[in-house]
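Every read-out reported here was derived from the displayed coordinates using simple, explicitly stated rules and does not represent laboratory data. Nothing here was measured: the structure is a model prediction, and the numbers come from that model. Here Cβ is always computed from backbone atoms with ideal geometry, including for glycine, and neighbour counts include all displayed protein chains.
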């Protein structure tokens, strides 16, 4: 685990918890909320709170990276069908995060009748930016935490169906840490 998360704009763990909005609660000394997000995450991970660490990293990452993290996690664990139209559309959007491909993701989401990790991954991509209203309607932004919550839900749901949920969550948290630790590309 690394100490610095250059991709993260937050300087204190408490700021990440503000984004989380009570879905998980911080543990321990309130002064720990002043810690850098990477340090708080490392402490959470070391304490074996991998589910909370997954939720924390999903909210700490910028939205695009959050979708990339969830997709990488799900694909690495074979938790989603890579050939599923939803997954294919999200991967195409990751390769080219343009409005047309984001709307393609939306069309496929709207055709789904089952809530699955693929569905939640696609919802994360759709709510990552841009308007969520009809294309010709007045712009409406998704709640700021929607992308992170959908991405975390995709990973947590997939973990619950895996043969070893604890290992799945541990690996997901490590993947999030690795992505957050990458240098920022300009």
**Prompt:** If you scan the stretch 105-130, which residues turn out to be part of a loop (DSSP other than H, G, I, E, B), out of contact with any strand residue (DSSP E or B) (no Cβ under 9 Å at 6 or more places or on another chain) and surrounded by fewer than 21 Cβ atoms within 10 Å (Cβ to Cβ)?
**Reply:** 112, 113, 114, 115, 116
**Request:** Take residue 114 and decide whether it is under 16 Å from residue 154 (Cα atoms) and in contact with a helix residue (DSSP H, G or I) (Cβ under 8 Å, 6 or more places away or on another chain).
**Result:** no
**Request:** Considering only the stretch 145-165, state which residues are more than 16 Å from residue 20 (Cβ to Cβ), in contact with a helix residue (DSSP H, G or I) (Cβ under 7 Å, 6 or more places away or on another chain) and in contact (Cβ under 8 Å) with a residue 12 or more places away in the chain.
**Result:** 154, 157, 158, 159, 162
**Message:** For residue 142, only one of the following conditions fails: (1) touching a residue at least 24 places away in the same chain (Cβ under 8 Å); (2) over 18 Å from residue 71 (Cα atoms); (3) crowded, with 16+ Cβ neighbours inside 10 Å. What is its number?
**Reply:** (1)
**Complete:** Restricting the stretch 78-104 to residues that are in contact (Cβ under 8 Å) with a residue 24 or more places away in the chain and not in a helix (DSSP H, G or I), the one nearest to residue 159 (Cα to Cα) turns out to be 79
**Request:** Give me a count of the residues in the stretch 24-33 that are touching a helix residue (DSSP H, G or I) at 6+ places or on another chain (Cβ under 7 Å) and either farther than 24 Å from residue 181 by Cα or in a helix (DSSP H, G or I) (or both).
**Result:** 2
**Request:** Considering each of 56, 45 in turn, give the residue that is touching a residue at least 60 places away in the same chain (Cβ under 8 Å) and assigned to a helix (DSSP H, G or I).
**Result:** 45
**Fill in**
Apart from one, (1) within 23 Å of residue 10 (Cβ to Cβ); (2) in a helix (DSSP H, G or I) all hold for residue 144; the odd one out is (2)
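Could you tell me which of the residues 71, 36 is in contact with a helix residue (DSSP H, G or I) (Cβ under 9 Å, 6 or more places away or on another chain), within 19 Å of residue 146 (Cα to Cα), surrounded by 16 or more Cβ atoms within 10 Å (Cβ to Cβ) and in contact (Cβ under 8 Å) with a residue 12 or more places away in the chain?
71
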**Item:** Pairs where the first residue, in the stretch 3-27, is on the phi > 0 side of the Ramachandran plot and the second is buried (at least 17 other Cβ atoms within 10 Å of the Cβ), C-beta under 8 Å, 6+ apart
**Value:** 21/145
